[in-house]
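Encoded as structure tokens, the structure appears first; notes follow it.
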Amino acid sequence: MPFSKLGLCDPILKALADLGYTVPTAIQKQAIPVILSGRDLIAAAQTGTGKTASFVLPLLEKLNTERKLRGKRIRALILTPTRELAVQVEASISQYNKYLELSSMAMYGGVDSQPHKQRLIWGIDILVATPGRLLDMAHQRALHFDELEVLVLDEADRMLDMGFIDDINKIIERLPLQRQNLLFSATISDDVRLLAKRAINNPVEIAISRDKASAPKIAQWLITVDKGNKSSLLSHLIKEQHWGQALIFIETKHGAAKLVSQLEKRGIKAEAIHSGRIQAVREQILADFKSGKIKFLVATGIAARGIDIGELSRVVNYDLPDQVDDYIHRIGRTGRAGASGEAISFVSKDNFRNLCAIESRLGHIIVRKEIEGFTVKKVVPVSILNYVPKNKANNRNR
Ligand code: AMP
């Protein structure tokens, strides 16, 4: 089915053609007609499925009217968990909006708020924002929600994981009752349902199955490794297998800095992004990684959230995440929209419980590879596939 059958106007179709998008992805096929019809929506879809375009395209179509914006007003609000995701969503809007004249802006904390305030004075059609900064601006009366038409909660599960529920509730209280609500989430947990109950009205629900979204294009494998050998194993793989680029996930910011220096000692240039680095530096590093100037990027899970690198072929779980959803999100960073990818996890004995939880969710054991010279002293047993995890994530230090 071509995009032209979905009811999008020519300027949008032209922008999509420029980007080389030929057919809509599964989520786009299902979500676009629902959003254009004006219904509320709950969509279970992870990154890599084309979910951003699935709400941005119909938003542009709906907002592309003669309506005049008043100052400090916005017509659509997209809430995202991180600044990186906000920037990325806004960049997508700009691409699809190329032949239209709608205005958009990404607004997030950790940077001077003055330029944001300045731009809000004229009103913005689509504002992409993280919850904290948005509330801050609302308190300062730098923006008003009385003309808001659509609310999008993007990566709702992650916003809840990151503790934004109070902020989100406060934001919702300020919005006009008459509005369209769209919620996107990798997983629809009980907490997400609770949020949906409060924010969303008689929604259509769609789900893009995990298997369809991730499994076929992504080769997943793991290497069991003793904890102390991880950095030398990584250097070995990078050199022996002539890796081009890799996004390497690590647990803590301290660990990220240490790994970068360990790699550098072995002649491998890498950079780290984590919550401890200032926004401008994070943005520059991301841009350099996207352009290929930086080949190896070590990132804590939270900092890496929302990174979209079209051709990324490899992610490494240097530390296995302690939440299954994080694993699913991370492997979703590779093999996006048709490309193939590889997700490699380093697993040591103390990761056994997490591994069981991940493999139970996947419904299969991840292929194990042995690397010569890295035989483990502490053997990792084979998983029990009906394992139920107990631990909750701890986001401090990431
Ligand atoms: P997302 O799931 O929104 O993070 O999108 C994943 C990637 O797929 C992004 O790099 C998009 O630019 C790309 N993409 C989205 N829709 C399409 C499409 N219909 N055809 C090809 N690529 C797409």
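A few points about this structure:
- Gain on full extension, evaluated as 0.36 nm per residue between residue 379 and residue 268 minus their Cα-Cα distance, stands at 37.1 nm.
- Within the listed set 234, 19, 79, the residue fluctuating most in the Gaussian network model of the chain (springs between alpha-carbon atoms under 10 angstrom) is 19.
- For the chain: rounded, prolate or oblate by the Cα gyration tensor [a/c cutoff 1.5]: prolate
- For the pair residue 367 and residue 65, a Förster radius of 56 Å applied to the C-beta separation gives a FRET efficiency near 0.60, rounded to the nearest 0.05.
- Length added when fully stretched, residue 257-residue 10, from 0.36 nm per residue minus Cα-Cα: 84.1 nm
- The value of relative contact order for the chain, using C-alpha pairs under 8 Å at least six residues apart, is 18 percent.
- Fraction of accessible area attributable to carbon and sulfur, the chain (%, probe 1.4 Å): 50
- Projecting label points 7 angstrom from Cα along Cα→Cβ for residue 173 and residue 22 puts them 5.2 nm apart.
- When the Gaussian network model of the chain links Cα atoms closer than 10 Å, the mean-square fluctuations of 317, 354, 229 top out at 229.
- Here the Gaussian network model covers the chain, with springs between Cα atoms less than 10 Å apart; of 205, 251, 240, 240 fluctuates the most.
- Percent RCO, i.e. relative contact order, over segment 3-207, from Cα pairs under 8 Å lying at least 6 residues apart: 28
- R0 of 25 Å, Cβ-Cβ distance residue 118-residue 95: FRET efficiency to nearest 0.05: 0.55
The values are calculated or read from the model by the stated rules, or taken from the named source; none is laboratory data. Not measured: the values here are computed from a predicted model. Backbone-built Cβ (ideal geometry, glycine too); neighbour counts: all protein chains shown. Just so you know, the surface numbers come from the protein's heavy atoms only, side chains and all, with ligands and any DNA or RNA stripped out. Shrake-Rupley method; radii C 1.70, N 1.55, O 1.52, S 1.80 Å.
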